[in-house]
Amino acid sequence: MAHWFHRNPLKATAPVSFNFYGVAGSPAANKICNDLRTTRARLLEMFTDSTCTPEIMKNASDVYFSLLQGFISSLDGTTQENKMRFIQNFKWTDTLQGNIPSAQQDAVFELVSMAFNVAVWYTKFASRLAGKENITEPEAKDVHKSLKVAAGIFKTLKEVHVPRLITPAEKGRDLEPRVMDAYIIQCQAEAQEVTIARAIELKHNASLIAALAFETANFYQKADHTLNTLEPECSSKWRKYLQLKQYFYMAYAFCYHGQTLLASDKCGESIRSLQEAEKCYSRAEALCKEYRQTKGPGTTAKPSEQLFFLKLGALIKTTLEKCQRENGFIYFHKVPAEPPQLELKASYGLAEPVPFELPPLSEQCTPEVYATFDLTKGAKNDKAKPKEEEVKPVKEPDLKPQKDTGCVLS
């Protein structure tokens with residue numbers, strides 16, 4: 001089935017010239033600065049190019065990151081900080097804070113901010129592809145992989161690179177642990193949605209589908225709880241999405257668990273499980289309306305009108321009617337007052353983040369060239385004239401959810 005995913009806006013950044021007049025003391029050093037400027041500009045263009053593919057994005061980001069590491073990695077054979085790390089100021093907005101930028105004079109801040117945007121791009125690429133009509137199996141695999149790649153980038157940034165910042169991330173900003181954890185978990189949950197759709201299409205065992213749906217609902221609940229201490233004005237819409245997906249997949253879990261119980265001749269328990277699925281579905285439906293009415297960062301959509309949502313409602317209704325019919329003719333079981341406790345563990349299909357590694361240091365960044373950067377020349381003058389570069393919002397392509405034809409995402 002075609003899917004719908006909530007997406008926060010891309011981060012925006014001020015232009016960076018890398019013009020270190022006097023500091024870059026050789027043609028090779030000047031070339032590194034020029035290449036940093038052009039590769040950065042190209043990577044930023046890729047974020048809003050609707051024809052960009054994961055291969056193009058990886059190549060563009062690798063070229064920039066391989067050069068940027070020349071301002072981060074130690075190149076003089078010592079354990080001291082790279083002398084170029086703190087020479088340039090970088091400004092970035094956050095996905096939840098509107099057009100209010102943060103600034104740090106630190107190449108590591110640039111690395112983690114840009115890589116964060118690369119991860120957000122992968123989630124947007126997956127969302128755009130998942131919303132297509134007549135999605136093919138290779139495209140569905142691209143959706144699944146892109147979400148796991150994004151999770152891996154977020155995870156590596158949080159665990160390895162963000163702790164290297166001299167100035168810690170402010171509360172509610174993209175680089176603070178709560179926000180990063182929510183992005184990681186959301187990517188894993190959405191990747192599992194693809195797995196569930198595949199399992200349904202291939203008519204896998206109902207118990208496996210129920211377990212996967214239950215695990216996915218728990219992921220969404222965990223992501224929501226991660227954000228519950230953030231300011232409501234920047235997180236409410238995102239949290240409504242996570243909550244509606246939690247209840248939607250709990251409805252799935254109870255629906256397919258009901259089918260498992262019926263197959264085991266536990267018709268009364270099956271009916272109760274389907275009744276609970278109805279309750280979860282109704283709660284998800286109410287949250288869809290709340291999501292649409294909530295102001296905040298992210299896309300505007302009507303998830304309850306998408307076919308993937310409507311199909312689950314129809315499935316619950318027909319399955320419950322079947323159980324009630326068979327109980328009236330064959331089983332005559334009492335329907336329990338309490339719903340079944342779901343203690344389901346999926347043995348297969350759980351989505352793990354794809355480990356993220358930075359590309360090797362550019363061959364241009366040698367100790368010899370590094371030695372020709374002289375901070376005593378020109379750096380003071382550069383700091384004396386603060387430049388207030390404007391951070392313009394990113395003009396993203398319009399990615400409204402397409403009409404769902406009911407095709408299966410496999």
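The values are calculated or read from the model by the stated rules, or taken from the named source; none is laboratory data. As the structure is a prediction and not an experimental result, all values here were calculated from the model. Cβ atoms come from the backbone with ideal geometry, glycine included; neighbour counts cover every protein chain shown. What goes into the accessible areas is simple: the full protein's heavy atoms, side chains included, and nothing from ligands, DNA or RNA. Shrake-Rupley method; radii C 1.70, N 1.55, O 1.52, S 1.80 Å.
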Reported set for region 238-248 where residues are among the basic types (Lys, Arg) and open to solvent by 10 Å² or more (accessible area, probe 1.4 Å) is ARG239, LYS240
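Could you list, in sequence order, the residues of region 125-143 that are in contact with an Asp or Glu (Cβ under 9 Å, 6 or more places away or on another chain) and closer than 21 Å to GLU357 by Cα?
PHE125, ALA126, VAL143
Report yes if some residue within region 48-60 is closer than 21 Å to LYS377 by Cβ and part of a loop (DSSP other than H, G, I, E, B); otherwise report no.
No: region 48-60 contains no residue that is closer than 21 Å to LYS377 by Cβ and part of a loop (DSSP other than H, G, I, E, B).
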CYS234 - would you say it is open to solvent by less than 50 Å² (accessible area, probe 1.4 Å), within 30 Å of LYS322 (Cβ to Cβ) and of a type outside the set (Val, Ile, Thr)? no
Out of VAL23, VAL63, I need the residue that is of a type in the set (Val, Ile, Thr), open to solvent by less than 50 Å² (accessible area, probe 1.4 Å) and more than 22 Å from the chain's Cα centre (by Cα). Which one? VAL23
Which condition from (1) open to solvent by less than 10 Å² (accessible area, probe 1.4 Å); (2) under 17 Å from ALA12 (Cα atoms) is the one that LYS124 breaks? (1)
Exclusive hit being aromatic (Phe, Trp, Tyr) and closer than 18 Å to THR93 by Cα, set PHE214, PHE154: PHE154
Can you tell me which residues in region 272-297 are open to solvent by less than 60 Å² (accessible area, probe 1.4 Å) and under 20 Å from GLU193 (Cα atoms)? ALA277, CYS280, TYR281, ALA284, LEU287, CYS288, TYR291
From the list ALA130, ALA119, pick out the single residue that is in contact with a helix residue (DSSP H, G or I) (Cβ under 7 Å, 6 or more places away or on another chain), farther than 17 Å from ARG164 by Cβ and at pLDDT 95 or above. ALA119
Subset of region 95-105, residues under 23 Å from SER17 (Cβ atoms), in a loop (DSSP other than H, G, I, E, B) and in contact (Cβ under 8 Å) with a residue 60 or more places away in the chain, comes to ASN99, PRO101
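Go through region 355-390 and give me each residue that's in a loop (DSSP other than H, G, I, E, B) and modelled with pLDDT under 90.
Listed by number, the residues that qualify are THR376, LYS377, GLY378, LYS385, PRO386, LYS387, GLU388, GLU389, GLU390.
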